Amino acid sequence: MWSDLDGMKADANSRKIVDLFAQDETRFGAFSLASDGLVFDYSKTSIDAAAKAALVTLAQKAGVAEKRAAMFAGDKINETEGRAVLHTALRNLDGAPVVVDGEDVLPEVKATRARMAEFAQKVRDGSYPGDGRRITDVVNIGIGGSDLGPLMAVLALAPYHDGPKCHFISNVDGADATDTLAELDPATTLVIVASKTFTTQETLMNARTVLNWAGGDAALGRFVAISSAVENCAEFGIPAERVFGFEDWVGGRYSVWGPIGFSLMLAIGPAAFESFLEGGQAMDRHFQEAGFAENMPVLLALVGIWNQQVCGHGTRAVLPYEQRLARLPAYLQQLEMESNGKGVAMDGSPLTRVAGPVVWGEPGTNGQHAFYQLIHQGQQVVPCEFIVGAEGHEPALGDHHRALVANCLAQSEALLKGRTEDEARAQLVTKGVSGDRLDQLAKHRVFSGNRPSTTLVYPRLTPYVLGQLVALYEHRVFVEGVIYGLNSYDQWGVELGKELANGLVPAVAGKGAPEGASASTVALLDHILSLRA
Ligand code: F6P
């Protein structure tokens, strides 16, 4: 399956991307894709026509089309957990029935969304809780997929906020709850406890702390739960009428489209939330209908696979030139790394390739003044994924947006072209530098260039566009997972640390180190205990 691509390694790594542009005036057209307002440019990579053909063949041979059909049809493609993978059903606003275990799941999805909308409307118009005090603030307590999705989306869609202000508590560190609650009044705060399993240590601990802050059980009327485990919510004290459920076929990191997105719905309103879903559904259609060579999620996945498997670049930087997408890199870290950071194939055999790059990033322009030094001149090449909107939401600050876009385009241009030593010398000479100093400084001012990047352009960051983007990345992860032959929908790798943490809680309370703990852990524990008052 990989032999054609493996055979391209030497060529790919000696090739100059600028030469590809010089040889083909139509390169941008051939190596970019426009669909439903989005433009994905991958011409600034070392992919040529033969590479693209081999990558598309790889996706075909791996069975992406068949697995895609199986996923949308509700087959149990999450084999290790025996579950369907149907986050797409949460944004299926007008599609055909989706059947799991003989039952169409869409009516229940729609009914839950209608309940959410009704409740959200009451909060937003002040008729809930009905004690004369209006809800001004919402606190979402959750972690991982029960935090990152709504947090990222609420921040992204700030210009659309016309509801209560949303806050997020995730970390078990008491500092998170303390600092978040400091500015809030329990009487006007709605608390959302968001946990698919309703067993997560951090979330339950934070939920109890916030309940205490709110005044104990008497305050439970201002608590809602979002979970697949209604019984656990009842045990906590939140009755079924204030629980918004979802099924086990929605993975935590894919769950922002449903009840886990409740804080987003409260902030922007049910209509704008629906527009977010419409964007996701539009991307689902594109993913299902477009041929692989014109399919944005497929191409995004294939470009990443090219950079990692053929060119050998093990990390990927996500660089949104949009301050409101500040949490997108963190969101994508979970989406990509929890999904595809695996070592075994679906059948348990070891993977033959390192799957899943390390994903990291920060918004531009801030990242430029922090880590771009390494991106431009460091010895390991970091493929960069630039993301930018044609327009901002601040017409009065058009000059800011123009500067933002200019910076984004400048970075990919610099990565592509670099600067030769001759060019560096010439520049220094015009500044009056000469002799030994010129020889020395010129070397420091060389940029190798030939560093791959892609750029994704959207018109403006609306709810619809955000829906498109999130679904785009979800499907990219799916395609990568199918090509590597792994299960993108389980996360066994998070279990061991959780188990050991449970065993260590009494030890940190001074009750003795757990049996079998390493000498390092025992010594650290002793040291920490000795420093306590
Ligand atoms: O520990 C990882 C994880 O299970 C994630 O997959 C999930 O998003 C997160 O914890 C939170 O889980 P829950 O929603 O069940 O509290």
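The values are calculated or read from the model by the stated rules, or taken from the named source; none is laboratory data. Everything numeric here is computed off the predicted structure, so don't read it as measured data. All Cβ positions, glycine included, derive from the backbone under ideal geometry; neighbour counts span all protein chains shown. With ligands, DNA and RNA removed, areas are computed over all heavy atoms of the protein, side chains included. Shrake-Rupley method; radii C 1.70, N 1.55, O 1.52, S 1.80 Å.
Quick one: which of ALA301, ALA317 is in contact with an Asp or Glu (Cβ under 6 Å, 6 or more places away or on another chain) and closer than 23 Å to PRO459 by Cα? Spell out the reasoning first.
Numbers: ALA317 fails: in contact with an Asp or Glu (Cβ under 6 Å, 6 or more places away or on another chain).
The match here is ALA301.
May I ask you to say which residue of VAL477, VAL457 is touching a residue at least 60 places away in the same chain (Cβ under 8 Å) and surrounded by fewer than 23 Cβ atoms within 10 Å (Cβ to Cβ)? Give the derivation first.
Numbers: VAL477 fails: surrounded by fewer than 23 Cβ atoms within 10 Å (Cβ to Cβ).
Only one candidate passes the filter, namely VAL457.
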Among the numbered criteria (1) open to solvent by less than 20 Å² (accessible area, probe 1.4 Å); (2) under 24 Å from ASP36 (Cβ atoms), which one does TYR464 miss? (1)
Filtering region 66-88 down to residues that are surrounded by fewer than 18 Cβ atoms within 10 Å (Cβ to Cβ) and within 22 Å of GLY245 (Cβ to Cβ) yields LYS76, GLU81, GLY82
Inter-residue pairs, beta-carbon under 7 Å, first closer than 21 Å to GLU118 by Cα and open to solvent by less than 40 Å² (accessible area, probe 1.4 Å) and in region 229-255, second among the aromatic types (Phe, Trp, Tyr) and within 14 Å of the ligand (Cβ to nearest atom), 6+ apart: CYS233/PHE198; PHE244/PHE262; SER255/PHE246
Taking region 131-144 and the residues there that are open to solvent by less than 10 Å² (accessible area, probe 1.4 Å) and within 15 Å of the ligand (Cβ to nearest atom), the one that is nearest to ALA267 (Cα to Cα) would be ASN140
Quick test of your reading of the structure: LEU496 fulfils all but one of (1) within 30 Å of ILE305 (Cβ to Cβ); (2) in contact (Cβ under 8 Å) with a residue 12 or more places away in the chain; (3) exposed (fewer than 13 other Cβ atoms within 10 Å of the Cβ). Name the failing condition by number. (2)
Under the condition of being open to solvent by 60 Å² or more (accessible area, probe 1.4 Å) and in contact (Cβ under 8 Å) with a residue 12 or more places away in the chain, which residue from region 109-130 is farthest from the ligand (Cβ to nearest atom)? GLN121
Do we find a residue being on the phi > 0 side of the Ramachandran plot and either touching a residue at least 24 places away in the same chain (Cβ under 8 Å) or open to solvent by less than 40 Å² (accessible area, probe 1.4 Å) (or both) anywhere in region 342-361? yes
